[in-house]
Amino acid sequence: MTTTYSRITGLGFYVPDNVVTNDDLTQYMDTSDAWIQERTGIKQRRFFTYGKETNASMAAAASRMALERAGLAANDVDLIVYATLSPDYYFPGSAFLMQRELGLEGIAVIDIRQQCSGFVYALSIADQFIKTGMYKTALVIGSEIQSTLMDKTTEGRGVAVIFGDGAGAAVVQATTDLEHRILSTHLHADGRYAEELYLKDPGSSRPNHFITADTATAGGSSVVMNGNTVFKHAVVRFMEVINESLQANGYQPSDLALLVPHQANIRISGYVQQQMNLPDEKVFNNIQKYGNTTAASIPIALTEAFEQGRIQPGDLVCLAAFGSGFTWASALIKW
Ligand code: COA
């Protein structure tokens, strides 16, 4: 009996054309280009334009690119797994809206909320469904509009300078080719740290009503982050989960052709790179251009890495993420 695996056969991304530089942010808050670049590596990010883009429309644009590169039509897709922390509606999820935009009524959609690890979790879900034979072709999405979730005043500057908007997509298809496939995925979470990086309101467990004048003005409707705690956990968990994927498949860090880390902060990626003794050409970073786009960061980075010829057939590629929840996850791929 032949075993079914899954493989990424197409990649795409979409970012809004509204570029917001670090200098642009100084109009709203007390910060500086030098502070942001030194602490995060970010030079600019993209913010969506109201009326032009939505979370789902960006994902649809990324999906069209990925499908074209896979040589498929939209109606070849039988599953959508969609990761976002910033859905267009509280419910239903943005997967439904993107499905509608692509004209794929009737197929299965799954929305997940795993924040910065969302794309790797989504990839793992697609991988499991394909390996069991239930579905053959999945669109795996990470898409975020975070610019509306942040307090863009001096009070919120520790968060607002980091995050950006954008979307990425991967087409994942069934294969029997042992040499070119997703080797394994590794998923983790620790809810003890849920409030270290979170958005409290709107939430259902409130007195009286879902949204009140108080919750709208009391600061709970902006992202809150304890940056130091996030940083300390991130560097440990990134290392752990990358090593877990390598060990599960009998590889060492030196076997990697490319590490594509979630673009959280250039200092986190730099620390991991140094600890794993990886040269610059084996670690992909584009946080300088887009900031931290949460679930979208890995598929955007992966697409750019592919476009730049940094991934070749047969390469060992590791995707690794850490984020709110806390969550952390990795995927090891033989390209
Ligand atoms: N511009 C200028 N100054 C700022 C600032 C900004 N955007 N944000 C914070 N500051 C100030 C603080 O007010 C503080 O001032 P003080 O010393 O007078 O009190 C000072 O800079 C240091 O703040 P601190 O929060 O200790 O800075 P830091 O070195 O920890 O850097 C982060 C802050 C957020 C960049 C850093 O903690 C980080 O990268 N954490 C991980 C975040 C992350 O990756 N999140 C995504 C996870 S998926």
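The values are calculated or read from the model by the stated rules, or taken from the named source; none is laboratory data. Everything numeric here is computed off the predicted structure, so don't read it as measured data. Cβ atoms come from the backbone with ideal geometry, glycine included; neighbour counts cover every protein chain shown. When the accessible area is computed, the model is the full protein with side chains, heavy atoms only, and any ligands, DNA or RNA have been set aside. Shrake-Rupley method; radii C 1.70, N 1.55, O 1.52, S 1.80 Å.
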Please calculate the 1.4 Å probe accessible area of LYS232, with all protein chains present, and give it to the nearest 10 Å².
140
Find the percent of Cα-Cα distances in the chain that exceed 26 Å, and round it to a whole number.
44
Using a Gaussian network model of the chain with C-alpha springs under 10 Å, which one of LEU259, LEU123, LEU187 is most mobile by mean-square fluctuation?
LEU187
Evaluate the stretch 182-334: find the radius of gyration of its Cα atoms, find its Kirkwood radius, and give the ratio Rg to Rh.
1.06
Note down the magnitude of the dipole of the chain about its Cα centre, charges +1 on Lys and Arg C-beta and -1 on Asp and Glu C-beta and zero elsewhere, to the nearest 20 debye.
300
Once phi for every residue in the stretch 167-176 is put through the Karplus expression 6.51 cos²θ - 1.76 cosθ + 1.60 (θ = phi - 60°), the whole-Hz ³J(HN,Hα) values, with Gly and Pro written as x, are 8, x, 9, 10, 8, 10, 10, 5, 8, 10
Over what distance in Å are the Cα centres of the stretch 80-158 and the stretch 30-69 separated?
16
Jot down the radius of gyration and Dmax of the stretch 1-117, Cα atoms only, both in angstrom.
17.9, 63
Proximal lysines to LYS152, defined as alpha-carbon separation beneath 29 angstrom and excluding residues fewer than eight positions away on the same chain
LYS43, LYS52, LYS200, LYS232, LYS289
Would you rank GLU281, GLU304, GLU155 by solvent-accessible area, highest first, keeping every protein chain in place and using a 1.4 Å probe?
GLU155, GLU281, GLU304
Order the following by accessible area, largest value first: ASP17, ASP24. Probe radius 1.4 Å; ligands, DNA and RNA are ignored.
ASP17, ASP24
Rolling a 1.4 angstrom probe over the protein chains, ignoring ligands and nucleic acids, what is the accessible area of ARG69 in square angstrom, nearest 10?
110
Accessible surface, 1.4 Å probe, highest first, among residues PHE96, PHE231:
PHE96, PHE231
Subtracting the Cα-Cα distance from 0.36 nm times the residue separation, let me have the gained length for THR229 to ASP315 in nm, one decimal.
27.6 nm
Starting from the Cα of ALA194, step 7 Å along the direction of its Cβ; do the same at GLN274; then give the gap between the two resulting points in nm.
3.5
Gain on full stretching of the segment that runs from ARG39 to THR21 - 0.36 nm per residue minus C-alpha separation:
5.0 nm
In Å², nearest 10: area of ILE162 left accessible to a 1.4 Å probe
20
Counting DSSP beta bridges in the chain, what percent are antiparallel, to the nearest 5?
70
What helices does the chain hold that run 20 Å or longer along their axis, going by alpha-carbon atoms, with a Kyte-Doolittle average of -0.5 or more, using DSSP H for the helix calls?
55-70, 227-248
So which aspartates and glutamates pass the test for LYS131, namely a Cα distance under 18 Å, with those fewer than 8 places away in the same chain ruled out?
ASP76, ASP78, ASP177, GLU179
Quick one: work out the % antiparallel among DSSP beta bridges in the stretch 5-178, nearest 5.
65
Restricting to Cα pairs under 8 Å and 6 or more apart, the percent relative contact order of the stretch 249-324 works out to 47
